[in-house]
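To start, the structure under review is shown below, and the notes come after it.
The values are calculated or read from the model by the stated rules, or taken from the named source; none is laboratory data. What you see is a predicted model, and the numbers here were worked out from it, not measured in a lab. Cβ placement follows ideal geometry from the backbone for every residue including glycine, while neighbour counts extend to all protein chains displayed. Calculation scope for accessible area: heavy atoms of the full protein, side chains included, ligands and nucleic acids excluded. Shrake-Rupley method; radii C 1.70, N 1.55, O 1.52, S 1.80 Å.
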Amino acid sequence: MGLMRMQAQALWQQCLGYLQDELTSQHFNTWIRPLQAEGDEHELRLLAPNRFVMQWVADKYQHRIRELLTDLCDLQPPHLKLGIGSRRTVSNPRSKASAPAPDSLVQDNLVQTSGFSTSAQAAAARYPKPPVGRVQTRQTKPSTPAAAEPSQVIEEAQDAPIDEKPLAAPKKTAKKSRAQKSNTSLTSKSATTPSLDQVPTKTKTTKKSKSAQAHLLTSTKKQDKASQAEHQVPLLAPCPEVIQEAQADPKHQAKTQTAEANKGRTAAERIQAYTRSVREHEERQRQQRSPYTGKANTSTKNSSKKAAALPKANSQLNLQHTFDTFVEGKSNQLARANARQVAEKPGGIYNPLFIHGGVGLGKTHLMHAVGNFIQQQNPQARVMYVNSERFVADMVKALQLGTINEFKRFYRSLDALLVDDIQFFVSKERSQEEFFYTLNALLEENKQIILTSDRYPKEIAVDERLKSRFGWGLTVAIDPPELETRVAILMKKADLAKVHLPAESALFIAQKIRSHVRDLEGALNRVIADAHFKRHPIDTDLIRDSLKDLFAVQEKQIGIDNIQRMVADHYKIKVADLLSKRRTRAIARPRQLAMALAKELTSHSLPEIGTAFGGRDHTTVLHACRKIRALQQELPEIREDWQYLLRLLTA
Amino acid sequence: MMKMGKQKYTGEIVPAQLSLSVGLRDDATLANFLAGDNQVLVAHLQQQLLTCDPQYLYIWGKKDSGRSHLLQAACHASGHQDLRSLYLPLRDLASLGIELLEGLDELDLICIDDVEAVLGQAIWEEALFHLFNRMRNKQHRLLISGNAPPQQLPTRLPDLASRLAWGLIYQVQPLDDIQKLAALQLRARQRGLELNDEVARYILHRSPRAMRELFRALEKLDRASLSAQRKLTIPFVKEAMRW
């Protein structure tokens, strides 16, 4: 297996060499580089990060890739398949290991790793409530070698164009499928995040698509034709689980997998391969663990029990955001105090706690601090942090998969729910509704809710009922930090970064940057980076130099005509004089100055500059530039004029 | 000369219609980027690739300062580290729609070029905002370039604006004439061309002086010198470029 995989990848590496030669750096880096290869000598699967990239590659590069494969393999080039997803390897252990919140990886990676989940099982993994009556929930842990197949590469169906992928029902004939496709493309064209009204229908169709195996671009000619014919591609990127659904049955899965690899094998080999893949699958099941608990998932539990019996969810809390690391000042004192009270007595009178304030002022930090505190006090507490985009995305997926009940159960079983940036619920009606019911359910059970937004509850453009719920508990504001707080924030951040920041340096930065904490952090990052690089302690000079790049003015596009006008104005002569043949000093000096400025400030060629000054030779321009440089040394007034005009033109 | 070798090689190893891939390409890499006054920036870029610290790097500069080169070079370098990356030139691709961003947070590195091209469009700003959050949550690398410092970008969504300002920010300093000469010679060497100071200066004094124009001239000269089997001399350059 390992060897085969090597072959596919080695072959792809060779292809890459040619493609890199043939394509521009830009196209290669945009469309080819993100592809991941896997497979064996029979099949090369290329995984794109999303549906759009896959389609693009299919349209523009698939043909060439296939040619290359044919040329590179003497006898039998492997089948080429395009899919969406990621290879199941820890591709970069370093970066993952260094991630401060590796738990945040779980939920997303899960999507790719649970290649064999049925929809319900996928949901079970997401919302870790053991489904009733299910014998075994298969949940995978990301990055385990367990799930060897990419979730989204689905077995090939020779006569089904990919475009219909997860949206359309399975079809028997190509004709029918095409008709359907145009339908789906019409409805789904509008958005990636499907509008919620459409979701139920989609759910229906995807459910039907169990047997649809149209998920891969295959290397058959027929396929080629089909995909060429489909210019109207529904751009709706499938949610991974949708595709997984097609693989629901592990046995079927194993069978189709092997079927593909079976070409050219003896019957005995085929049987062996089949039994092996079934065995591997069973092994995987055994190894699979709950991403939420990290514990092996020990089969059935009656899920109708209370929340306490449930495995604890991954809270998505950032452990660095605590009350200790939160810098208190006049602008956020009250909010902090209230948050602290909520943390000590969750589900009490301040429910929901609504924190509002401008961007980058610490709302999210405060929210995490409460969550972390609750978690610390009661390790059993089920706390969940989610931003509203995530809530919506999860819900959309749940709707598509028909796992909305698991979704609801999961969210309604929490002890504390923290939802960030709820203003992004705007115009997502279905999500608002679900969120409303979730809120109600939790509030009735005296579970703590914390919400943040950039504006006051009444100003958020959401459903009135929701708005009034927001205001039920306590609403607190965080204001922009005043100078002292900004200094304190900088000192704290420097402290966390183990960098010595003198007080006067902190004051200097805090005086210059008045907006929000992210700006402060950005500036401090830059100062620290430069101090490290230059091996120089932080002082005012270093800061001034570092912060130049943050505040430098965007440079204008300057044209030669612009320069000529400015220079003529400055010397009170006419532009026509600059272009004329006259060589009196009163004209020639300004002309030389203007030429030198044109060379300095534009990227026109010297001949072009010469032409723009009344058709002069480029050597004249060169001479002018040298002359002005020399004169700046000798004559202060020329130096001043030069600097003045330079400033004027670039300001 | 190497190109001749390339053709000779061809028949022996692979079918005739394929010329062997020998990496004689003009790809943007860190090795062929003349850092000039951008050494600190390049150092941080390399560090980001190695350690994911900074997780988010923002570089800005005016046209022709080499931003796109750096972003593509980062993608190129990430390939050597088994990182999965993607280059996203928004000026060219914005019209394709935000579907393009779907699922990209799975990648180890995303290089977004010309971010200003989509700013002001609510749907793009929100999509970028969410992508930013997801990349940050996963500690995946983000490299963004724009034509102005974050504070001066025409961002409407404050949430995005504040995030764009959050990273490590560097201005890409354009090359001066002397550095341009060096860059031209570096690129020529990489193509197997000999380009002495005198000829390089001759080119610089006659060609439009934007780097991409200079490289274009070099490419043309490379082809001309190959087909004419002549070295790059002033008379040859003059003739080939019709200056």
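Using a 1.4 Å probe and ignoring any ligands, DNA or RNA, find the accessible area of A:GLU429 and quote it in Å² to the nearest 10.
Result for A:GLU429: roughly 140 Å² accessible.
Using a 1.4 Å probe and counting only protein heavy atoms, arrange A:ARG486, A:ARG87 so the residue with the most accessible area comes first.
From most accessible down to least: A:ARG87, A:ARG486.
Could you sort A:LYS330, A:LYS81 by their accessible area in this structure, using a 1.4 Å probe and putting the largest first?
Working: A:LYS330 145, A:LYS81 0 Å².
Correct descending sequence by accessible area is A:LYS330, A:LYS81.
When Rg is the radius of gyration of the Cα atoms in the range B:177-241 and Rh is its Kirkwood radius, what does Rg/Rh come to?
Radius of gyration over Kirkwood radius for the range B:177-241 works out to 0.91.
Which parts of the range A:50-66, residue by residue, lose 50 Å² or more of accessible area when the rest of the protein chains are there, as against the chain isolated (1.4 Å probe)?
Listed in order, they are A:ASN50, A:PHE52.
Cα gyration tensor of the range A:558-650, axes a ≥ b ≥ c as square roots of the eigenvalues: rounded (a/c below 1.5), prolate (a/b > b/c) or oblate?
Verdict is rounded for the range A:558-650.
Between A:TYR644 and A:ARG535, what FRET efficiency comes out of the Förster formula 1/(1 + (r/R0)^6) with R0 = 51 Å and r the beta carbon distance, rounded to 0.05?
0.85
Got a sec? Which residues of the range B:138-171 lose 40 Å² or more of accessible surface with every protein chain in place, vs. that chain alone, 1.4 Å probe?
Buried-area filter returns B:LYS138, B:GLN139, B:GLN151, B:GLN152, B:ASP159, B:SER162, B:TRP166, B:LEU168, B:ILE169, B:TYR170, B:GLN171.
If you average 1/r over every pair of different alpha-carbon atoms in chain B and take one over that average, what Kirkwood value in Å do you get?
One over the average 1/r among Cα pairs gives 19.8 Å for chain B.
Be a star and scan the range A:556-576 for residues whose amide nitrogen sits under 12 Å from the point 7 Å along the Cα-to-Cβ vector of B:LYS63.
What the label zone holds, given the 12 Å backbone N cut-off, is A:556-560.
Tell me which residues come under 5 Å, amide H to amide H, from A:ASP421 once H is placed; ignore anything under 5 positions away on its chain.
Those lying under 5 Å, H to H, from A:ASP421 are A:THR452, A:SER453.
Give the carbon-plus-sulfur fraction of the accessible surface of the range A:309-478 in %, rounded to a whole number; probe 1.4 Å, heavy atoms of protein chains only.
Solvent-exposed carbon and sulfur of the range A:309-478 make up 46 percent of the total.
Quote the accessible area belonging to B:ASP92 in square angstrom, nearest 10, computed with a 1.4 Å probe and with ligands, DNA and RNA left uncounted.
Accessible area, nearest 10 Å²: 90 Å².
Summing +1 for each Lys or Arg and -1 for each Asp or Glu, what net charge is found among the other residues whose Cβ lies under 14 Å from the Cβ of A:GLY471?
Working: positive: A:ARG455, A:LYS458, A:ARG465, A:LYS467, A:ARG469; negative: A:GLU459, A:ASP463, A:GLU464.
Within the 14 Å Cβ shell, the charges total +2.
What is the ratio of the Cα radius of gyration of the range A:372-434 to 2.2 N^0.38 Å, with N the residue count, to two decimals?
Details: Rg = 12.8 Å, N = 63, 2.2 N^0.38 = 10.6 Å.
That ratio works out to 1.20.
Determine the order of A:PHE508, A:PHE551 by accessible area, beginning with the largest, at a probe radius of 1.4 Å. The partial results should precede the final answer.
Numbers: A:PHE508 35, A:PHE551 85 Å².
These residues rank, largest area first, as A:PHE551, A:PHE508.
Between Rg and the Kirkwood Rh of the range A:309-478, both from Cα atoms, what is the Rg to Rh ratio?
0.94
Compute the accessible area per residue over the range B:177-241, keeping the other protein chains in place, probe 1.4 Å, unit Å².
51
Quick check of the Kirkwood formula: for the range B:86-184, what is the inverse mean of 1/r over all pairs of different Cα atoms, in Å?
Its Kirkwood hydrodynamic radius stands at 14.4 Å.
First compute the accessible area of the range B:98-140 with a 1.4 Å probe, then give the percent of it belonging to carbon and sulfur atoms.
Numbers: 470 of 1030 Å².
It is 45 percent, rounded to a whole number.
For peptide A:523-533, what's the mean number of Cβ atoms from other chains within 10 Å of each residue's Cβ? Don't skip to the answer; put the middle values down first.
On the way: counts 2, 0, 8, 7, 0, 1, 11, 4, 0, 4, 6.
Taking the mean over all residues of the peptide, I get 4.
Counting only other chains, and only Cβ atoms inside 10 Å, what mean value do you get across the residues of A:513-522?
5
Specify whether the C-alpha gyration tensor of the range A:469-595 places it in the rounded, prolate or oblate class, a ≥ b ≥ c being the square roots of the eigenvalues: rounded for a/c under 1.5, otherwise prolate if a/b is larger than b/c and oblate if not.
The shape class here is prolate.
Compute the length gained on full extension between B:ASP176 and B:GLU239: take 0.36 nm times their separation in residues and subtract their Cα-Cα distance, giving the result in nm to one decimal.
Residue separation times 0.36 nm, minus the Cα-Cα distance, leaves 20.0 nm.
Rolling a 1.4 Å sphere over the protein heavy atoms, what is the accessible area per residue of the range A:309-478, to the nearest Å²?
I get 37 Å² per residue for the range A:309-478.
Can you compute the FRET efficiency between A:ALA10 and B:LEU186 using 1/(1 + (r/R0)^6), with r the Cβ-Cβ distance and R0 = 41 Å? Round to the nearest 0.05.
0.80
Buried accessible area for the A:B pair, summed, 1.4 Å probe, in Å² rounded to 100?
7000
Taking Rh as the Kirkwood radius computed over C-alpha pairs, what is the Stokes-Einstein D of the range A:483-556 at 4 °C in a medium of viscosity 1.567 mPa s, expressed in µm² per second?
The estimated diffusion coefficient comes to 106 µm²/s.
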